[in-house]
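Participant: Can you read through this structure? Questions will come right after.
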Amino acid sequence: MDIVVEMRAAVAERRAAWEFVRSFVRAWCAVPLADGDGYGPDEIAAAERRLGLTLPAALREAYALLGLRPDLTSNQDVLRPLAELAVEPGEEADGPGAVLVFRDENQGVCRWGIPLAELGRDDPPVVVRADLADKSAERWEPWLERVSHCFVEIVLAEAVHEPEELAAYSDEVDRETLVATEWLVRLPFPEYPVGAPTGTRWYAGRDALLRDDDGMVSVRARGTEEELDRVLDDLLGPEPVGTPDGSSV
């Protein structure tokens, strides 16, 4: 796949986002997407009846496409099954109101959802809420401007955690290094969270995918451990670097 060209299309149009997901999974993951990897219309309708609302088109399409593929959606953070979608009431006067929650950080650090006030849109914005010790300080904050963008991000983000032998991370690569690395191309995906002074960026090159959280870089190679080592050596020099399971490469 031409990840830059397909990413640009995915950001611009919802249907292209699902094509990007299919292409990425086919090119980067062990098992391509197939019929039966998502929920059927009856299951989605049952969830809507339980919740007493209509899911936006983009969320229905995402669950129908890959809602039953935890290897694509839940290696690190967790996409909720349809049966666990839940509405949280809005409590802050300056907040977005009630929110439909569909994803959780793996240790409960935060959760993601869609404001109920936006459910009438086909591809509404997604918000995130940190779980803080001081509950009065918690707020729903903007995450990404479209649900389709969020699911592209989910598939990319979960890919940099699995398989473990092809994934690594480091806090020793600064943003300036990535920008100056000639073989890396920044992917045309919006920097997020929306409105943050510095947010997450994505890069690709040499059959590698990089997530830059401006202080932590996650790397996923497409082919072999040797290819991962070459990418890391180029960015870091031949020094040990952590892997998602805490070992070193």
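Every residue, every condition in (1) within 21 Å of Ala9 (Cα to Cα); (2) at pLDDT below 95; (3) of a type in the set (A, V, I, L, M), yes or no:
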| residue | (1), (2), (3) |
| --- | --- |
| Val147 | yes, no, yes |
| Val155 | yes, no, yes |
| Ala159 | yes, no, yes |
| Asp171 | no, yes, no |
| Thr177 | no, yes, no |
| Trp183 | no, yes, no |
| Pro193 | yes, no, no |
| Arg206 | no, yes, no |
| Val217 | no, no, yes |
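Participant: Show me the helices (runs of 4 or more DSSP H) entirely contained within the stretch 1-109 in which 1 or more residues are within 17 Å of the chain's Cα centre (by Cα).
Facilitator: 3-12, 14-28, 57-66, 70-73
Participant: State all residues of the stretch 107-121 that are more than 22 Å from Gly38 (Cβ to Cβ), touching a residue at least 12 places away in the same chain (Cβ under 8 Å) and of a type outside the set (Gly, Ala, Ser); if no residue qualifies, say none.
Facilitator: Result: Val109, Cys110, Pro115, Leu116, Glu118.
Participant: Now, a different point. Is the stretch 69-77 home to any residue that is of a type in the set (A, V, I, L, M) and within 24 Å of Glu191 (Cα to Cα)?
Facilitator: Yes, the stretch 69-77 contains a residue that is of a type in the set (A, V, I, L, M) and within 24 Å of Glu191 (Cα to Cα).
Participant: For the condition within 21 Å of Leu144 (Cα to Cα) and in contact with a helix residue (DSSP H, G or I) (Cβ under 7 Å, 6 or more places away or on another chain), what is the one hit in Val11, Val25?
Facilitator: Val11
Participant: Say we look at the stretch 103-124 and pick out the residues that are out of contact with any strand residue (DSSP E or B) (no Cβ under 6 Å at 6 or more places or on another chain) and of a type in the set (Gly, Ala, Ser); which of these is farthest from Glu145 (Cα to Cα)?
Facilitator: Gly108
Participant: Among the residues of the stretch 181-199, how many are without any contact (Cβ under 8 Å) to a residue 40 or more places away in the chain and either charged (D, E, K, R) or not in a loop (DSSP other than H, G, I, E, B) (or both)?
Facilitator: Number of matching residues: 3.
Participant: Residues to consider are Asp171, Asp213; find the one that is without any contact (Cβ under 8 Å) to a residue 24 or more places away in the chain and not β-branched (Val, Ile, Thr).
Facilitator: Going through Asp171, Asp213 in turn, the sole match is Asp213.
Participant: Any idea which residue in the stretch 163-205 is nearest to Val128 (Cα to Cα), counting only those that are touching a Pro at 6+ places or on another chain (Cβ under 7 Å) and of a type in the set (A, V, I, L, M, F, W, C)?
Facilitator: By that ranking, first place goes to Val194.
Participant: Restricting to the stretch 77-113, give me the number of residues that are open to solvent by 50 Å² or more (accessible area, probe 1.4 Å), under 21 Å from Tyr169 (Cα atoms) and modelled with pLDDT of 95 or more.
Facilitator: Summing the residues that are open to solvent by 50 Å² or more (accessible area, probe 1.4 Å), under 21 Å from Tyr169 (Cα atoms) and modelled with pLDDT of 95 or more in the stretch 77-113 gives 1.
Participant: Which residue out of Leu85, Leu100 is under 19 Å from Ser148 (Cβ atoms) and touching a residue at least 40 places away in the same chain (Cβ under 8 Å)?
Facilitator: Step by step, each of Leu85, Leu100 is checked, and only Leu100 is under 19 Å from Ser148 (Cβ atoms) and touching a residue at least 40 places away in the same chain (Cβ under 8 Å).
Participant: Taking the conditions exactly as written (of a type in the set (Ser, Thr, Tyr) and either within 24 Å of Pro115 (Cα to Cα) or out of contact with any strand residue (DSSP E or B) (no Cβ under 8 Å at 6 or more places or on another chain) (or both)), does Thr198 satisfy them or not?
Facilitator: In short, yes.
Participant: Here is a follow-up. Considering Leu132, Leu116, which residue is within 15 Å of Pro89 (Cα to Cα), aliphatic (A, V, I, L, M) and open to solvent by 50 Å² or more (accessible area, probe 1.4 Å)?
Facilitator: Only one candidate passes the filter, namely Leu116.
The values are calculated or read from the model by the stated rules, or taken from the named source; none is laboratory data. Quantities reported herein were computed from a predicted structural model and do not represent experimental measurements. Using ideal geometry, Cβ is built from the backbone for each residue, glycine included, and neighbour counts are taken over all protein chains shown. The accessibility values were calculated without ligands, DNA or RNA, using every heavy atom of the protein model including side chains. Shrake-Rupley method; radii C 1.70, N 1.55, O 1.52, S 1.80 Å.
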